[in-house]
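Down below is the structure, laid out as structure tokens.
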Amino acid sequence: MSSTRLPLLLAIVVAGLVVPVAIYYLLWSPLSDLQQREEALAVSLQKEMKENSDHLKSRKEILKAHPRLEDWKLLSWPEPKTKPADRHTNDLQAEFRNQLEDIAEGAGLEDWGVDLTKSSGAQAGAGSRAGGKKALWQSTTYRVSGKGSLSEIAAAIKDVYKIPTLQRVGTLTIKRDDNDKKNLSKDNLEVTFTVDALSVVGAEKRDSLLPKLKDPKYSFTNPNREADKVLASANPFVLPAPPTPVRPPTPPTPPAIAKEEKPKEDFEEYLTGVKFTSLSSYERGSKSGWMVHFYDQNNNGDKKIYSLGLRRGIEITDMYGNEVLNGEMVWVNERMAVFLIDGAYYRFKVGDDLYPDESRVLTAEEYKAIGLPSPPKPKPKEKPAEDEGM
């Protein structure tokens with residue numbers, strides 16, 4: 001009996017020692033480790049939640065202080081909507097290059113060129129996060145070069161900032177053209193500048209580069225800042241042209257002295273004093289004709305006109321030398337003489353004065369009956385030249 005109890009007691013003692021140890025290692029220790037991990041994860045989660053809360057709070061404060069940042073996702077180079085990523089990137093780069101080329105040509109730059117120099121898929125530094133996560137922003141850089149005046153260069157740079165996307169002019173170099181170094185007054189400069197375009201995380205998804213802006217909240221450039229005009233008026237690269245030589249003042253022209261107008265006698269009054277006094281025949285060789293006599297009572301002067309060959313002119317002036325009658329004798333017989341005066345035929349009989357009254361005008365039937373053609377139109381009278389300065 002005693003020999004069987006001893007092994008049993010030993011088995012009970014061993015079981016009492018082994019079972020608690022087995023329970024500790026097989027059950028209690030794993031549960032304890034799991035609890036510690038849970039506590040560590042809870043602490044880590046609480047810490048991360050606090051960091052996220054602080055980040056959101058900081059983001060709200062930044063957006064409140066800088067409301068323009070709210071538009072960054074719209075103005076950023078977009079994420080692809082329907083295209084593969086590689087094709088989408090190539091299309092955006094080509095479209096932005098076209099924008100820069102249009103700006104260079106529109107500003108009037110000569111020998112311009114636009115080249116893609118760098119495209120970064122990830123940025124290090126403050127813009128990136130640890131853990132291999134995507135950078136908050138990516139950049140694409142272009143190099144623009146050309147020649148033009150300072151005003152044209154400023155206009156091109158201003159138009160770059162008018163593109164409704166996120167970009168900036170990174171570097172800018174302006175120098176004189178080597179061919180114009182001797183001509184310092186010529187406004188012809190060489191320019192090279194880089195343009196950095198940005199794409200931010202969370203950008204709007206669309207296939208085209210430019211966003212559809214219905215009503216932009218903010219102006220991309222200051223509309224009141226006319227940089228091109230300001231720079232053109234204070235160009236540090238060009239020497240001002242020499243002033244235009246001042247000519248001595250032209251001496252004033254002395255006032256023109258009006259010529260004293262020559263007095264005139266009354267046209268009708270003077271001619272009523274010139275009388276058709278007589279008609280007489282005469283012979284000259286084998287030819288005969290009529291001689292017409294006039295007497296000017298205004299100056300006691302006699303005047304004779306011979307009909308030989310007709311077309312004999314008659315001119316009468318007043319005592320001041322002004323013409324009062326200018327005509328031609330075109331027909332004559334023993335009773336009357338016909339004169340062409342100012343495009344009309346006038347008959348004059350012995351005893352008449354020489355005033356060409358309308359009652360003395362021959363009708364068409366009358367002058368055709370004596371073989372006269374239609375009277376020519378009178379020549380327009382020349383207007384007296386105006387005195388200079390009047």
Quick one: grab the alpha carbon gyration tensor of the stretch 68-109, order the square roots of its eigenvalues as a ≥ b ≥ c, and give me rounded if a/c is under 1.5, else prolate or oblate depending on whether a/b is larger than b/c. oblate
Considering only protein heavy atoms, what is the solvent-accessible area of Leu166 at a probe of 1.4 Å, reported in Å² to the nearest 10? 20 Å²
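So if we plug the beta-carbon distance of Tyr282 and Tyr320 into 1/(1 + (r/R0)^6) with R0 = 30 Å, what FRET efficiency do we get, rounded to 0.05?
Numbers: r = 34 Å, r/R0 = 1.12.
Approximately 0.35, to the nearest 0.05.
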Sorted by accessible area with a 1.4 angstrom probe, largest first, how do Val201, Val144 fall? Val201, Val144
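Rank these by accessible area, largest first, 1.4 Å probe: Lys377, Lys147, Lys303, Lys262.
On the way: Lys377 185, Lys147 50, Lys303 75, Lys262 105 Å².
So, going from the largest accessible area down, we get Lys377, Lys262, Lys303, Lys147.
Can you figure out the FRET efficiency of Glu366 with Asp342, using R₀ = 25 Å and their beta-carbon distance, to the nearest 0.05? Walk me through the numbers on the way to the answer.
Working: r = 18 Å, r/R0 = 0.71.
So, using R0 = 25 Å, E works out to roughly 0.90.
How far, in nm, would the chain grow between Phe267 and Asp302 when pulled straight, counting 0.36 nm per residue and subtracting the alpha carbon separation? Could the numbers behind the result be given before it?
Numbers: separation 35, 0.36 × 35 = 12.60 nm, distance 1.91 nm.
This chain segment gains 10.7 nm when fully extended.
In this model, which of Lys83/Lys158; Lys57/Lys118; Lys304/Lys377; Lys73/Lys147; Lys47/Lys212 are farther than 30 Å apart at the alpha-carbon? Please report the intermediate quantities before stating the final value.
Working: Lys83/Lys158 32 Å; Lys57/Lys118 35 Å; Lys304/Lys377 27 Å; Lys73/Lys147 35 Å; Lys47/Lys212 41 Å.
Pairs exceeding the cut-off: Lys83/Lys158; Lys57/Lys118; Lys73/Lys147; Lys47/Lys212.
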Might you work out the accessible area of Glu328 for me, using a 1.4 Å probe with all protein chains in place, and round it to the nearest 10 Å²? 70 Å²
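Provide Arg206, Arg168, Arg97, Arg312 ordered by accessible surface of protein heavy atoms (probe 1.4 Å), highest first. Numbers along the way, then the final one.
Working: Arg206 25, Arg168 140, Arg97 75, Arg312 100 Å².
The ordering from most to least exposed comes out as Arg168, Arg312, Arg97, Arg206.
The values are calculated or read from the model by the stated rules, or taken from the named source; none is laboratory data. Note that the structure is predicted; figures quoted are calculated from it, not measured. When we count neighbours, we look across all protein chains shown, and the Cβ atoms used for this are built from the backbone with ideal geometry, even at glycine. When the accessible area is computed, the model is the full protein with side chains, heavy atoms only, and any ligands, DNA or RNA have been set aside. Shrake-Rupley method; radii C 1.70, N 1.55, O 1.52, S 1.80 Å.
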